[in-house]
Each structure stands twice: as C-alpha cells, then as structure tokens.
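The values are calculated or read from the model by the stated rules, or taken from the named source; none is laboratory data. Just so it is clear, the structure is predicted and the values come from calculations on it, not from any experiment. A quick note on method: Cβ atoms are made from the backbone with ideal geometry, for glycine too, and the neighbour counts reach across all protein chains shown.
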Amino acid sequence: MFAVIKAGGKQYRVAAEDVIRIDRVEAEPGNVIEFGEVLLLGGDTPQIGVPTVLGAMVAGEVLQHTRGDKVIAFKKRRRKNSRRKRGFRHEFSVIRITEILTGGAKPSQTPPARPKREPKPKVEAEATEAKPVAAKVKKPAQKAPPRKKAAAKGKK
C-alpha cells in the first residue's frame, strides 16, 4: 500500500518504511508526526481524494534535521564596482514513514522498535600478537649510464 501526501506545499509518494526528506518541521528527532493531507491511497482498492481522502493519515518518525548544499547568489554590475555575494542553505527534516492509516485510526505515539545490530566482537590481545615480519632488503642504488658529451659547434 502506498499514499500520496502533501507536506510543505509539495507532494510525496510514500510507503511504509520509506525515508523522505521534506522541508523542516518543528519536531524533535525521535518524535512521531502526522500527515493529515492524504491525496491518494493506492493498493488493491485505490482511493482518490476530493481533495483529500477522508479518515486517512500517514505517520512518520523524525530521524534528523539537516541542511542542503550551499547555493551562492552572486550579482555583479559591470563597470560600476558593485558586487553582492549571498549564500543560502535550505533546511530539511529526514522522516521515516512508519504507517499508513485509514478509517480515522490514530498513529501510535511511540516509534516502532527497530532491530539493533549487534556490535562486532572485540578480538582478544592474544590472537593479535605481532608476528615477526621479515626485514626488507634494500637494493643498492644503480648508477645512471654516463652521458655523452655534446659536440662542439662550428668546429670541424
């Protein structure tokens, strides 16, 4: 099942466990946010909203807040000694879609538990003892072949 939601004036096609980058939202990382403007629900029986689907909602967890690449606006008026340089970085929020709800259901306020990776086992000191390394034999430097003397010009 997928949904088309509207957030920040833009439309996004999302499914469960998708990670999207939207305009910055006022929520702390780890909080669950709701998207109430669901324009379309897809799946076995698609529903098209007029303008939104009634009783449908999409929930997502805020992963982090980030900023986009810097955009430089440089303006120059030739022969006038006039230059202006201005930089701008757009702020985004990274959201993981947790569930797509229908029928007026409310999302759970706790994000679903994700399986954590087990840390790599530490190698014991005994197994990593330094093995004797054979010393590298340095080859003697080779001399360059002797150069030929340049012939004197103009003499015969």
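Annotations for the structure displayed:
- Test result for Ala56, of a type in the set (A, V, I, L, M) and over 19 Å from Phe2 (Cβ atoms): no
- Search result, residues across segment 14-45 that are farther than 20 Å from Gly55 by Cβ and without any contact (Cβ under 8 Å) to a residue 40 or more places away in the chain: Glu26, Glu28, Pro29, Asn31
- Sole residue being of a type in the set (Asp, Glu), at pLDDT 70 or above and part of a loop (DSSP other than H, G, I, E, B), chosen from Glu129, Glu118: Glu118
- Considering residues of segment 22-37 that are touching a Lys or Arg at 6+ places or on another chain (Cβ under 8 Å) and at pLDDT 95 or above only, the residue farthest from Tyr12 (Cα to Cα): Asp23
- Counting the residues of segment 58-91 that are hydrophobic (A, V, I, L, M, F, W, C), without any contact (Cβ under 8 Å) to a residue 40 or more places away in the chain and over 14 Å from Asp23 (Cα atoms) gives 5.
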